[in-house]
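Read the figures in this text as sums done on the coordinates, not as results from a lab. Computed from a predicted model, the values in this text were never measured in an experiment. Don't worry about glycine lacking a Cβ; one is built from the backbone with ideal geometry, like all the others, and counts go over all protein chains shown.
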Amino acid sequence: MTEGAISVYLAELEAQLKLNGVACSRVLAETEDHLAATAEELAASGSTRTEAEAEAVRRFGRATTVARAFAEAAAGSAARSAASWALASFLAYVAAAATVALAAPSYLLDFPQGLPSWFGLQIAVVALAICLVRWLRWRREPLIPAESSAPLAAGALVATATLVVSAAAEVLLAATRPAGGWQAGEAEAVVFIGGALVVAAATVVAIAAAARSRLVGALPRERGRRDPRATLIADITALSTVLGRVATRVLAYPRLTAFVVAATACIAVTVTQALAHDFAHHASVVIGAAVVGTLEGVAVAVCYLAFGRALGLRSAGSSLTPAR
Amino acid sequence: MKNLLSGQLDLVVLAVLRDGPLHGYAIIQTLRERSDGDFDILEGTLYPVLHRLEAAAMVKSRWDSSSGRRRRIYSLTQRGQKALIARAAEWRSFAGRLEVVIGAS
């Protein structure tokens with residue numbers, strides 16, 4: 001290890017990199033080589049060794065600035081990776097759930113078996129759709145700004161965490177069935193647990209990415225470095241001006257939009273449920289359909305309140321007034 | 001000049017690597033030479049750029065000890081070449097339009 005200003009700088013950079021959760025052996029090796037080369041060049045042109053090292057360090061930049069740049073790059077990569085894992089885990093879960101739904105004996109699928117997956121998949125679809133918009137927006141850029149990598153990671157986390165909770169609830173329902181009977185659907189259960197394990201792995205990746213983004217977001221920011229484009233409206237507008245205008249109108253009143261979506265979901269599910277039965281005119285069928293429809297509407301509203309901020313659908317303190 | 005350059009570092013680094021593989025220190029020197037010393041960036045900010053370009057598969061790197069010092073050598077990938085062509089065209093178009101606007105004022 002080189003002595004003097006360079007070794008002091010390397011120690012400081014190592015501490016900063018570790019603080020920012022960046023793997024540092026390669027970075028330190030490259031930095032040491034760069035600083036030594038600069039110092040050698042300066043010494044050859046007449047500087048003393050001490051002056052040369054001090055100047056090499058000055059030219060390289062503050063350790064906090066360099067470490068932050070590495071942390072930001074790592075957070076962007078982690079968020080992209082989390083989004084890819086979330087999509088893969090969603091597909092694995094859909095395949096596993098479909099296998100159970102299609103192949104398991106019908107008596108194993110009686111209410112409420114399947115209900116957690118029904119809700120979980122809906123939330124995951126919305127979260128992944130938002131993730132996809134953000135992923136598409138930054139797909140050609142090597143660097144995702146910290147302000148944008150955080151919501152991308154959060155979207156992946158919402159999708160995967162919802163699916164993991166759904167999977168756990170399904171397994172719990174299956175394990176606590178009073179009549180048992182899952183021996184008849186053993187192969188389907190194994191496939192479902194396989195899908196659930198993929199979701200669990202994706203959740204771990206998403207948690208790590210979200211933590212990394214949060215860490216970068218909490219770092220002191222240089223003047224003028226805040227990116228104002230990190231909103232869902234800005235992401236949609238960057239992909240399509242027309243869709244951006246629609247999104248601006250729809251997301252301008254987030255609570256009102258959520259209410260309209262919840263009401264529409266309630267009516268749609270009620271009608272679909274009622275029409276799915278042969279005795280749609282019967283009062284009990286209509287009441288049953290209305291209960292399921294109401295449950296769907298309430299779930300939409302609850303999800304908006306629970307995940308809206310993480311997904312960037314609403315800001316802190318959003319109301320019936322336009323979102324800014 | 002520094003602020004303008006910081007937004008285009010990816011493009012500039014890809015352009016420097018177009019002529020062949022280089023290590024970080026040589027990239028800085030080439031950049032300085034080509035700009036007559038005007039493009040004088042904080043040298044430490046180059047490495048995060050190189051690492052994220054590598055993560056995006058636009059550059060690849062390997063350790064090299066042939067000079068007696070162990071150095072990481074960076075070279076452009078096919079994806080990087082395509083990105084360089086696209087970004088250079090984008091930048092020229094932007095600069096042309098800006099020139100029209102500025103020239104008109």
Legend entry - Sorted peptide list for A:97-110, A:151-164, criterion being average Cβ within 10 angstrom, highest first: A:151-164, A:97-110
Legend entry - Helical contribution to [θ] at 222 nm, DSSP H n ≥ 4, -39,500 (n - 2.57), averaged over the protein assembly as shown, rounded to 500: -24500 deg cm²/dmol
Legend entry - Peptide B:49-57, shielding by other chains (average Cβ, 10 Å cutoff): 6
Inset, instruction - Using the Cα centre as the reference, give the magnitude of the dipole from point charges on the C-beta atoms of the protein assembly as shown (Lys, Arg: +1; Asp, Glu: -1; all else neutral), rounded to the nearest 20 debye. - result: 840
Inset, instruction - Hey, can you grab everything whose amide H is under 5 Å from the amide H of B:Val59? Only 5+ residues off in sequence or another chain; H modelled, so Pro and N-termini drop out. - result: B:Glu54, B:Thr77
Legend entry - Exposure proxy ranking, count of Cβ atoms within 10 Å, fewest first, for A:Tyr253, B:Tyr47, A:Tyr93, A:Tyr9: A:Tyr253, B:Tyr47, A:Tyr9, A:Tyr93
Legend entry - Degrees between helix A:49-60 axis and first principal axis of chain A (Cα, 0 to 90, nearest 10): 30
Legend entry - Folded to 0 to 90 degrees: helix A:25-44 orientation relative to chain A principal axis, Cα: 20
Inset, instruction - Kindly put A:Val271, B:Val13 in sequence by how many other C-beta atoms sit within 10 Å of each C-beta, fewest to most. - result: A:Val271, B:Val13
Inset, instruction - Please report the base-10 log of the normalised intensity I(q)/I(0) for region A:137-191, using a Debye sum with one equal scatterer per alpha carbon and no solvent, at each q in 0.16, 0.25, 0.29 (1/Å). - result: -0.64, -0.99, -1.10
Legend entry - Peptide A:54-67, shielding by other chains (average Cβ, 10 Å cutoff): 3
Legend entry - Global size of region A:145-276 as Cα Rg and Dmax, reported in angstrom: 20.9, 65
Inset, instruction - Go through region A:203-215 residue by residue and turn each phi into a ³J(HN,Hα) via Karplus (6.51, -1.76, 1.60, θ = phi - 60°); whole Hz please, and just put x for glycine and proline. - result: 5, 4, 4, 5, 4, 4, 5, 5, 5, 5, 5, 5, 4
Inset, instruction - Return an integer: the convex hull volume of the alpha-carbon atoms of the protein assembly as shown, in Å³ per residue. - result: 201
Inset, instruction - Write out the trypsin sites (Lys or Arg not before Pro) in region A:130-226 meeting two conditions: DSSP loop, and at most 14 other Cβ atoms within 10 Å of their Cβ. - result: A:Arg139, A:Arg140, A:Arg221, A:Arg223, A:Arg225, A:Arg226
Legend entry - Scattering curve values for region A:119-160, log₁₀ I(q)/I(0), Debye with Cα scatterers, q = 0.29, 0.31, 0.35 Å⁻¹: -0.96, -1.04, -1.17
Inset, instruction - On a C-alpha basis, how far is the centre of region A:236-301 from the centre of region A:136-184 in Å? Whole number, if you could? - result: 22
Inset, instruction - Measure nothing but the geometry: give the 0 to 90° angle between the long axis through the Cα atoms of B:78-104 and the longest principal axis through the Cα atoms of chain B, rounded to 10°. - result: 30
Legend entry - P(r) weight above 19 Å for chain B, C-alpha pairs, percent: 48
Legend entry - Footprinting exposure proxy for A:Glu72, B:Glu54 (fewest neighbouring C-beta atoms within 10 Å first): B:Glu54, A:Glu72
Inset, instruction - Please report, to two decimal places, log10 I(q)/I(0) for region A:62-208 at q = 0.12, 0.19 Å⁻¹ as given by the Debye formula with identical point scatterers on the Cα atoms and no solvent. - result: -0.54, -0.99
